[in-house]
């Protein structure tokens, strides 16, 4: 039954179901902090984070099936990432790839808010998504489900596969742990952040959302770090920008056989 539902996803689109925790102007050293997991089909062809040969100013993973990305950083200090909005009852098989929305922001000069505003007219053409865009202390959030652009103020936030700060179990339980990392000291504990992202706790039926998939699958997806035979957490990422505009991005990729870390990729821009 699980395989049947997995194969209802459109295969030519970005199917990542990520969870992101981020802090904006809430830390004494870092103006922007983001940590997150990318969850995906284990057999979907992707490249881990790297400087793209055709776009060397961009550092991020690449979806080799649709050509876009779920998270990337441009060396001029522009960052964007997205998660899918999970609603299997309203999937469009002819929808364009959401991964292009990240790339397009990186290569433009517009502000995060203005870029998001430009997406509203055609937002209905895409399957549901949450998009974050950030540069130079300006952070914006847009979901085509709400079709409302929001400037994000100082604070600590989370988004999974519903709307911003919707308290799904993995968000409600792990966001306070992320907040503790933010408040611990003047530096950010990267190793503790990666450890947090490997939390495999699942939750009981009464706490699970109802998104059109079987209960057994809702339970599997309720974990922050997802493990199943053909779908799961592929990479974890930590992104930091300090108040001087220096960037650090680190991605750790996991083996599909045993979930061990098999690759680490970093970018540092000063």
Q.
Below 8 Å between Cα atoms, with a sequence gap of 6+, how large is the relative contact order for segment 2-269 in percent?
A. 22 percent
**Q.** Cα-based radius of gyration of segment 64-129 once divided by 2.2 N^0.38 Å, which approximates compact folds
**A.** 1.15
Q) Seen from all sides and averaged, what is the projected area of the convex hull of the Cα atoms in segment 152-270, in nm²? A) 8.7 nm²
Q: Find the Cα radius of gyration of segment 142-198, compare it with 2.2 N^0.38 Å by division, and give the number to two decimals.
A: 1.29
Q) For segment 87-170, what D do you get in µm² per second when you plug the Kirkwood radius from alpha-carbon pairs into Stokes-Einstein at 10 °C and 1.306 mPa s? A) 117 µm²/s
Q) Hey, how many Å between the Cα centroid of segment 68-96 and the Cα centroid of segment 111-188? A) 12 Å
**Q.** Peptides 110-116, 47-53, 137-143 ordered by average Cβ neighbours within 10 Å, highest first
**A.** 137-143, 110-116, 47-53
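Given the -39500 (n - 2.57) contribution per DSSP H run of 4+ residues, what per-residue ellipticity at 222 nm results for the chain, rounded to the nearest 500 deg cm²/dmol? Working shown, then result.
Details: 6 runs with 52 residues, N = 270.
Calculated from helices alone, the mean residue ellipticity at 222 nm is -5500 deg cm²/dmol.
Mind sorting 231, 248 by how few other Cβ atoms lie within 10 Å of their own Cβ, fewest first? Display every interim value, and only then the final one.
Working: 231 23, 248 18.
Sorted ascending by nearby Cβ count, the order is 248, 231.
Where a number appears in this text, it was derived from the coordinates with a stated rule and is not lab data. Just so it is clear, the structure is predicted and the values come from calculations on it, not from any experiment. Every residue, glycine as well, gets a Cβ built from its backbone with ideal geometry; the counts of neighbours run over all protein chains shown.
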